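A short write-up of the structure that comes next.
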Amino acid sequence: MDPLLYLGALVVLFLVWIQVKGLEYVIIHQRWIFVCLFLLPLSVIFDVYYYLRAWIIFKMCSAPKQHDQRVGDIQRQVREWKKEGGKKHMCTGRPGWLTVSLRVGKYKKTNKNIMIHMMDILEVDTKRQVVRVEPLANMGQVTALLNSIGWTLPVVPELDDLTVGGLAMGTGIESSSHIFGLFQHICVAFELVLADGSLVRCTEKENSDLFYAVPWSCGTLGFLVAAEIRIIPARKWVKLRYEPVRGLDAICKKFAEESANKENQFVEGLQYSRDEAVIMTGIMTDHAETEKTNCIGYYYKPWFFRHVEGFLKQNRVAVEYIPLRHYYHRHTRSIFWELQDIIPFGNNPLFRYVFGWMVPPKISLLKLTQGETIRKLYEQHHVVQDMLVPMKHIKTSILRFHEDIHVYPLWLCPFMLPNQPGMVHPKGDEDELYVDIGAYGEPKVKHFEARSSTRQLENFVRDVHGFQMLYADVYMERQEFWEMFDGTLYHKLRKQLNCEDAFPEVYDKICKSARH
């Protein structure tokens, strides 16, 4: 029989099975079928389209002219909103399913949607060492261009689909943050359309209050239309050292020491149990020992977190040379370790070699197709949280994560938090070293309950003067939220720029207590 007839027969049987079982049943209990057959191919089409579009626009040098037109269109929409009486709050018209956050933004349905189509790299200025980009340009797009001309961002948050706007008005972090701080700290200028339709540029010296208030504001002070970000010279390779460490005290001590060592350009920890971790340190270099090179980003390579776990199992210290862009996106293919819950056999060599080139599925498409039932199940039986705590509290923090949710691996990423104005700063008057503890997966404690367990973590983080990343589910009450974050400058700007009638408060936009 013709192979096409076999394929056709399989498709018909599959459709009949869906008809009998119901689409929702298949998506919930056998989601990998839907992901592999539909979302992976569709994700490839998305990636190809956005890559070619960005490349063509930049090569034709048409982006700056189009940018001015797009800014004018946003100003026109805001002024029309004012003429109509400004009865609703405004927000971007970008569909909620396109964001990397797993949260479903219900405010999109009730607010005035301002359409913003700005996803281009506008200019690379190597003399000033800045890149000027639009808010929807993503990390995959920016690093691909910069690396090709010998430059890079000082902080490159991991996932390709993270946008500059989300990272600037939310936050972003990576393994170089112990030197450069969070993503907001490498931004040197923001351009925003305000509630009155005016365009304003802010820097540390020009409109400085607004400059410091923008990070963590989640689009509630104005519409970001461009950002200038520092760039630094890139090197071809990252020389990465893997060191297994056992015992919680030893893990915390080693991680804190390596994080404080500024000779390390990159520091990261993957903790596989309470007492087992691998601490990684790296530097950029143009020279590599051939026998130690490892192009971990190739589609057929093992998922990075599994590769790292191998050094723990072997109890072996090792050094590898990894291409710079491969290093930056080392967790992208497996979405850290989330993909193992979606495609359980995704790290199998056969799957990697045959289908790995299509991995990962777009997070936005996963959200779009999950349905209300699977969203609620996911919310109740899955954790995606990043808590930022002072390094001096790393041991008690890890123990709290272990007791309250028991999710492994844990991602450990150090960062320097400067003493600057804004919603997030150290408790004292000096810069302080913090650590991001990232927990992604299914909790293994029997007493886990999404709301109460997360609130326990939030209370602890608040007590040690830490912060919760706002892309995740936030269960705090309003008073608790503003105890965690410093709203002094934020609320001052809200009043000064007439934002209270124009944009929702950040708490109302992201917290569950406000949305339900």
- Message: Just checking, does region 444-455 include any residue being assigned to a loop (DSSP other than H, G, I, E, B), of a type in the set (S, T, N, Q) and either out of contact with any His (no Cβ under 8 Å at 6 or more places or on another chain) or surrounded by fewer than 21 Cβ atoms within 10 Å (Cβ to Cβ) (or both)?
- Response: no
- Residue in region 485-504 that is out of contact with any helix residue (DSSP H, G or I) (no Cβ under 9 Å at 6 or more places or on another chain), among the hydroxyl-bearing types (Ser, Thr, Tyr), surrounded by fewer than 21 Cβ atoms within 10 Å (Cβ to Cβ) and at pLDDT below 95 present: no
- Message: Checking the conditions here, which among Asn315, Asn294 is touching a Pro at 6+ places or on another chain (Cβ under 6 Å) and open to solvent by 10 Å² or more (accessible area, probe 1.4 Å)?
- Response: Asn315
- Item | Residues located in region 136-172, provided they are open to solvent by 10 Å² or more (accessible area, probe 1.4 Å) and not in a helix (DSSP H, G or I) | Leu136, Asn138, Ile149, Gly150, Trp151, Leu159, Asp160, Asp161, Leu162, Thr163, Gly170, Thr171
- Message: Any residue that is closer than 18 Å to Leu388 by Cβ, over 19 Å from the mean Cα position of the chain (by Cα) and in a helix (DSSP H, G or I) - is there at least one of those in region 463-478?
- Response: yes
- Under the condition of being touching a residue at least 40 places away in the same chain (Cβ under 8 Å), out of contact with any helix residue (DSSP H, G or I) (no Cβ under 7 Å at 6 or more places or on another chain) and in a loop (DSSP other than H, G, I, E, B), which residue from region 417-442 is most open to solvent (accessible area, probe 1.4 Å)? His425
- Scan Ile363, Ile335, Ile322, Ile283 and give me the residue that is surrounded by 21 or more Cβ atoms within 10 Å (Cβ to Cβ), aliphatic (A, V, I, L, M) and under 17 Å from Lys236 (Cβ atoms). Ile322
- Wholly within region 332-383, helices (runs of 4 or more DSSP H) carrying at least 1 residues that are modelled with pLDDT under 90 and in the same structural domain as Glu442 (by the TED database): 371-381
- Message: farther than 20 Å from Gly181 by Cβ, among the aliphatic types (A, V, I, L, M), out of contact with any His (no Cβ under 8 Å at 6 or more places or on another chain) and surrounded by fewer than 17 Cβ atoms within 10 Å (Cβ to Cβ): is that true of Ala250 in this structure?
- Response: yes
- Task: Given the conditions (1) surrounded by 15 or more Cβ atoms within 10 Å (Cβ to Cβ); (2) polar (S, T, N, Q); (3) more than 21 Å from Gly165 (Cβ to Cβ), report the number of the one that Gln468 does not fulfil.
- Result: (3)
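The values are calculated or read from the model by the stated rules, or taken from the named source; none is laboratory data. Quick caveat, the model's predicted, so the values are computed rather than measured. Glycine also receives a Cβ, built like all others from the backbone with ideal geometry; neighbour counts cover every protein chain displayed. The area values use the complete protein model at the heavy-atom level, side chains included, leaving out ligands, DNA and RNA. Shrake-Rupley method; radii C 1.70, N 1.55, O 1.52, S 1.80 Å.
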